Amino acid sequence: MGKLTACPLDCYDGCSVVYEEGKLKGDPNHPFTRGYLCPNLNSFLATPTILKPIFKGKEISLDEALEILNDKLSKVTPDKTLYYKGNGNFALMGNIVGDFFAKFGAVFTRGSLCDSAGEFGVKEAVGTSLHMSFDSIAKSETIIVWGRNIETTNSHMLPFLKDKNIIVIDPIVTNIAKEANLHIQIRPKDDMKLAILLARFFVMQQMVDSDFIENRCENFDYFIDFINSYRVKFLMRDLGISAKEINHFIDLVDGKKCAFLVGVGVQKYRHGHSVLHMIYSLFAMLGNFGKEGCGVSYLSNSSFGFELPFEKSSKSEPIVNVDFSKYDLCFIQGSNPANQMPNTKSVVEHLKNSPFKVYFGLYENETSSLCDLVIPAKSFLAKEDIRLSYGHSYIHKMPRLRDEDGKISEYELSSYLHKRFDFKGLESEQKIIEEIIGTNGEEDGQYLLNSSCKDEPYSKQFYTDEELFEFIDEIDLDEDEDDNRLYLITAKSKHSLNSQFKRSSFVYLPRSLGFSDGDLVEVKSDFGSYNFVVKNDYRLRDDTILIYSGTKGVNYLTPSFLSDEGDGACYQEARVSIVKLN
Ligand SMILES: Nc1nc2c(c(=O)[nH]1)N[C@H]1C(S)=C(S)[C@@H](COP(=O)(O)OP(=O)(O)OC[C@H]3O[C@@H](n4cnc5c(=O)[nH]c(N)nc54)[C@H](O)[C@@H]3O)O[C@H]1N2
Ligand SMILES: Nc1nc2c(c(=O)[nH]1)N[C@H]1C(S)=C(S)[C@@H](COP(=O)(O)OP(=O)(O)OC[C@H]3O[C@@H](n4cnc5c(=O)[nH]c(N)nc54)[C@H](O)[C@@H]3O)O[C@H]1N2
Ligand code: SF4
Ligand SMILES: [Mo]
């Protein structure tokens with residue numbers, strides 16, 4: 001009999017997994033993930049990992065590595081120590097290393113490379129980001145897939161979307177767009193304008209739920225003034241959208257049970273928070289929060305309702321542009337900043353200029369090769385853990401299932417450092433995990449559920465100060481109309497999890513640019529340049545190119561400024577040009 005665990009990867013689906021005879025299989029009994037795994041977890045066991053610690057290029061023993069780390073930490077000041085954690089493993093016990101660094105007094109990072117701009121906007125609207133249940137989605141009539149690549153990043157949702165009306169709003173003809181009733185192949189960054197235009201039509205078509213507006217909302221009058229400040233004709237012309245398309249959209253939404261599934265694609269911009277606030281406002285006009293088959297979902301706050309017993313430091317810097325060179329010691333865990341942070345050129349320079357960098361991870365990559373000390377982490381199969389999810393309400397225990405000698409788990413590392421520094425208060429692994437479950441988990445057959453997610457989100461309350469839905473009433477949208485360069489989309493690939501597993505090396509171009517497959521080109525932005533091999537891609541607009549997340553060099557092109565709110569990254573604020581090299 002196999003043992004139950006869960007996929008540790010940072011992904012909407014949070015799959016339940018069976019580990020049997022040294023193999024990973026899907027768990028057929030799980031109500032959401034239903035027995036299959038994606039190409040990423042299927043590559044997990046075949047991906048070569050770091051086997052031994054490395055110090056200044058030479059293999060050493062784990063004891064020696066820990067001694068060196070302890071020695072360095074005892075010589076640096078906390079203010080000059082950076083603790084930088086990514087989500088290479090999304091499970092919770094990774095935070096236990098931070099528990100040590102918080103007690104040590106190190107500087108942490110805040111915000112995210114991922115969803116925090118959008119999350120800020122969701123919070124403005126409804127107080128906290130909660131997902132619709134898949135049961136409710138299964139009862140929808142129309143699904144609006146907005147900047148989320150369901151087939152690639154959220155594939156276990158597909159069975160729940162069968163036989164529904166599908167509207168896709170995405171600059172790329174994704175697989176789900178090919179099958180959709182309506183695909184609006186929007187110009188990148190135009191979602192705000194599209195949502196305003198749709199809001200104008202919702203008013204004209206009398207789709208607004210006045211009871212809901214009266215009883216559960218704030219700011220609606222200002223919202224109406226705000227959307228009325230845009231001219232419908234101008235918006236349609238600017239967006240290149242026809243009356244026929246708008247009417248089709250309205251037909252598919254008016255009087256139907258609708259679910260809006262929104263992804264990170266819409267918010268990789270300075271005004272990312274406003275886009276989410278506007279999309280939530282558009283949904284709120286219909287007044288259907290908490291009704292069966294209706295809702296709006298972004299990446300949800302996975303720890304909603306839980307108390308996590310991990311200390312955090314009071315000192316922090318935005319993760320998007322943290323300057324490693326300001327620190328005498330940088331501890332980098334579960335992340336590959338030298339490829340995944342924006343503006344790689346300066347990230348690499350900053351890393352080179354920091355006197356001592358520690359990399360704690362599974363795989364060799366751009367970051368490990370720049371670090372002085374590399375410590376190999378045990379994989380999820382060799383440690384006790386628990387994971388929550390930002391796409392569904394199940395909680396998964398992840399027991400230790402095998403040994404991995406010569407590597408170390410996050411708990412073991414934290415425990416070692418606690419002892420060396422004589423820090424108190426580290427409970428046992430089991431106790432921490434049980435404590436987390438105890439704060440908000442409940443049994444559901446053989447699984448555990450987040451007990452705050454029993455009701456559909458927002459059916460009874462919003463989590464804003466006034467507990468009312470807060471409409472958006474202004475935006476600060478910088479227009480770049482005079483810039484004729486290409487838009488850069490940098491979305492997720494099916495075969496990699498950001499920079500883990502099988503990474504693409506191509507730039508995907510619309511055929512109209514006139515390049516041939518296999519051409520070597522230099523792609524340039526205001527922030528840097530990098531060479532890629534061309535693949536033509538019929539799925540792209542003529543004004544847009546695509547380079548997947550994880551592709552070596554992609555972030556030489558992207559800017560390191562922060563989103564206006566939420567300390568998020570603005571990967572898609574880069575406009576690019578292309579030069580043929582061979
Ligand atoms: N296979 C796989 N799965 C993953 C990941 C992975 O790397 N690989 N990464 C995981 C992580 S960390 C995250 S955060 C999630 C994110 O998963 P998603 O939310 O799906 O995010 P992306 O793939 O970045 O972008 C989604 C879609 O947005 C579109 N898009 C880009 N720009 C715009 C725009 O301006 N407007 C609109 N409307 N659409 C736009 C893209 O074309 C793409 O189809 O996926 C997780 N799952
Ligand atoms: N151009 C572009 N850049 C992007 C994005 C994009 O869409 N386009 N997406 C952004 C987003 S949404 C995200 S979330 C970030 C992700 O960026 P990162 O946080 O850097 O994530 P990964 O590239 O997946 O690297 C994760 C590393 O974690 C390590 N790891 C895996 N499991 C464990 C473990 O159990 N313990 C330890 N200690 N380490 C482990 C592995 O060695 C792996 O190399 O990238 C961002 N960067
Ligand atoms: S990466 Fe996502 S879809 Fe793939 S197995 Fe893990 S949780 Fe499931
Ligand atoms: Mo992410």
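The values are calculated or read from the model by the stated rules, or taken from the named source; none is laboratory data. Since the structure is predicted, the reported quantities are computational estimates derived from the model, not experimental observations. Cβ placement follows ideal geometry from the backbone for every residue including glycine, while neighbour counts extend to all protein chains displayed.
Quick look at the numbers
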quantity: Pairs where the first residue, in the stretch 303-315, is within 20 Å of Asp79 (Cα to Cα) and the second is of a type in the set (Val, Ile, Thr), C-beta under 6 Å, 6+ apart; calculated: Lys315/Val107
quantity: Selection from the stretch 555-582 of residues that are within 11 Å of ligand 2 (Cβ to nearest atom) and not in a loop (DSSP other than H, G, I, E, B); calculated: Asn555, Tyr556, Gly568, Ala569, Tyr571, Gln572
quantity: Residue satisfying condition, being under 23 Å from the mean Cα position of the chain (by Cα), assigned by TED's automatic domain parsing to the domain that holds Ile246 and more than 13 Å from ligand 1 (Cβ to nearest atom), within set Leu182, Leu161; calculated: Leu161
quantity: Every residue from the stretch 152-176 that is touching a Lys or Arg at 6+ places or on another chain (Cβ under 8 Å), more than 16 Å from ligand 2 (Cβ to nearest atom) and either under 29 Å from Asp567 (Cβ atoms) or among the polar types (S, T, N, Q) (or both); calculated: Asn165
quantity: Residue that is farthest from Ser74 (Cα to Cα) [pool: residues in the stretch 421-446 that are touching a residue at least 60 places away in the same chain (Cβ under 8 Å), of a type in the set (S, T, N, Q) and not in a loop (DSSP other than H, G, I, E, B)]; calculated: Asn440
quantity: Where Ser505 falls short, out of the listed (1) closer than 30 Å to Pro8 by Cβ; (2) under 20 Å from the mean Cα position of the chain (by Cα); calculated: (2)
quantity: Matching option when the condition is surrounded by fewer than 18 Cβ atoms within 10 Å (Cβ to Cβ), modelled with pLDDT of 95 or more and aromatic (Phe, Trp, Tyr), among Phe421, Phe462; calculated: Phe421
quantity: Qualifying residue in the stretch 167-174 (condition: over 23 Å from Phe32 (Cβ atoms), acidic (Asp, Glu) and at pLDDT 95 or above); calculated: yes
quantity: Candidate set from the stretch 493-530 (those that are more than 30 Å from Asn87 (Cβ to Cβ) and basic (Lys, Arg)); member that is nearest to ligand 2 (Cβ to nearest atom); calculated: Lys524
quantity: Scan of the stretch 285-317 for residues that are outside any loop (DSSP other than H, G, I, E, B), closer than 19 Å to Lys85 by Cα and touching a Phe, Trp or Tyr at 6+ places or on another chain (Cβ under 7 Å), ordered by number; calculated: Ser316
quantity: Residue within the stretch 139-151 that is within 16 Å of ligand 2 (Cβ to nearest atom), polar (S, T, N, Q) and not assigned by TED's automatic domain parsing to the domain that holds Leu362 present; calculated: yes
quantity: Condition met for Ser504 (out of contact with any Phe, Trp or Tyr (no Cβ under 7 Å at 6 or more places or on another chain), small (Gly, Ala, Ser) and modelled with pLDDT of 95 or more); calculated: no
quantity: Hey, Leu449 assigned to a strand (DSSP E or B) and of a type outside the set (Phe, Trp, Tyr) or not; calculated: yes
quantity: Filtered residues of the stretch 471-487 (kept if modelled with pLDDT of 95 or more and in contact with a Phe, Trp or Tyr (Cβ under 8 Å, 6 or more places away or on another chain)); calculated: Phe471, Ile472, Asp473
quantity: Members of the stretch 547-565 found to be out of contact with any Cys (no Cβ under 8 Å at 6 or more places or on another chain) and crowded, with 24+ Cβ neighbours inside 10 Å, listed by number; calculated: Ile547, Gly550, Val554, Asn555, Leu557
quantity: Selection within the stretch 330-360 - aliphatic (A, V, I, L, M) and within 16 Å of ligand 4 (Cβ to nearest atom); calculated: Met341
quantity: Residue among Ser493, Ser516, Ser504 that alone is assigned to a loop (DSSP other than H, G, I, E, B) and free of Cβ contacts under 8 Å to residues at least 24 places away in the same chain; calculated: Ser516
